[in-house]
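Following: one structure in structure tokens, then a few remarks.
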């Protein structure tokens, strides 16, 4: 049992990390006055912004539900990490004959299921756009979405690289619309049904007319 206690003490050191997943972080709340130099890296990993540091952005679109996506993403991370912390002691107790095979399989199943669900939810949440901005010059689009860890990440791209909704083939009746760039294979998604267009003129400037 000493080994089990040592394992539990080692696992308990992970709990500050687990609960840090639920701690506050830069949120996806509108911040149109921020310049790109004070935000996250670009999609290609470059630490610098492609626009001047003095360039300001105006909010064009926001999705209020992104805050719930962030909470769910972090809760799933917490659940998965907790399952992985509990699994080693259960395996040890099984080898010592102190727990049944049923409990071992049950615990392992939960850990595997949590991992699969984490991957699936993360794949979806990371592609949902929370905020869309347009620079004052009208040349650069700034998009905010979530990372794997449920934190904010900003992407900057020239407006001419954004594929219009007409070219994509999406209509305003669809639940999810695609945000595509001509210089990237990545696809993000946003919703008009549950999102809010703050500036329709700038939205049309980016995506073209809604049909």
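The values are calculated or read from the model by the stated rules, or taken from the named source; none is laboratory data. For clarity, every value in this text was computed on a predicted model and none was experimentally measured. Neighbour counts are summed over all protein chains in view; Cβ atoms, including those assigned to glycine, are modelled from backbone coordinates with ideal geometry.
Just a few scattered comments:
- Residues located in region 161-191, provided they are in contact with a helix residue (DSSP H, G or I) (Cβ under 9 Å, 6 or more places away or on another chain), in a loop (DSSP other than H, G, I, E, B) and either within 17 Å of residue 142 (Cα to Cα) or modelled with pLDDT of 90 or more (or both): 163, 164, 182, 183, 184
- Region 120-146, subset modelled with pLDDT under 90 and more than 18 Å from residue 178 (Cβ to Cβ), residue farthest from the chain's Cα centre (by Cα): 120
- Residue tally, condition touching a strand residue (DSSP E or B) at 6+ places or on another chain (Cβ under 7 Å) and either more than 19 Å from residue 149 (Cβ to Cβ) or at pLDDT 85 or above (or both), over region 35-55: 5
- Residue within region 103-110 that is modelled with pLDDT of 90 or more, touching a helix residue (DSSP H, G or I) at 6+ places or on another chain (Cβ under 7 Å) and within 22 Å of residue 77 (Cβ to Cβ) present: no
- Region 92-118: number of residues that are surrounded by fewer than 15 Cβ atoms within 10 Å (Cβ to Cβ), free of Cβ contacts under 8 Å to residues at least 24 places away in the same chain and part of a helix (DSSP H, G or I): 10
- Check on residue 170, surrounded by 15 or more Cβ atoms within 10 Å (Cβ to Cβ) and closer than 21 Å to residue 70 by Cβ: no
- Among residues that are buried (at least 17 other Cβ atoms within 10 Å of the Cβ), in a helix (DSSP H, G or I) and either more than 20 Å from the chain's Cα centre (by Cα) or modelled with pLDDT of 85 or more (or both), residue 68 is not included.
- From 189, 156, residue being surrounded by 19 or more Cβ atoms within 10 Å (Cβ to Cβ) and either touching a strand residue (DSSP E or B) at 6+ places or on another chain (Cβ under 9 Å) or on the phi > 0 side of the Ramachandran plot (or both): 156
- Residue under evaluation residue 208, criteria (1) surrounded by 13 or more Cβ atoms within 10 Å (Cβ to Cβ); (2) without any contact (Cβ under 8 Å) to a residue 40 or more places away in the chain; (3) touching a helix residue (DSSP H, G or I) at 6+ places or on another chain (Cβ under 7 Å), criterion not met: (2)
- Any pair with Cβ under 8 angstrom, 6 or more apart, that starts in region 62-79 at a residue that is closer than 13 Å to residue 130 by Cα and ends at one that is in a helix (DSSP H, G or I): 69/125; 70/125
- Residue 194 part of a strand (DSSP E or B), closer than 18 Å to residue 128 by Cα and modelled with pLDDT of 90 or more: no
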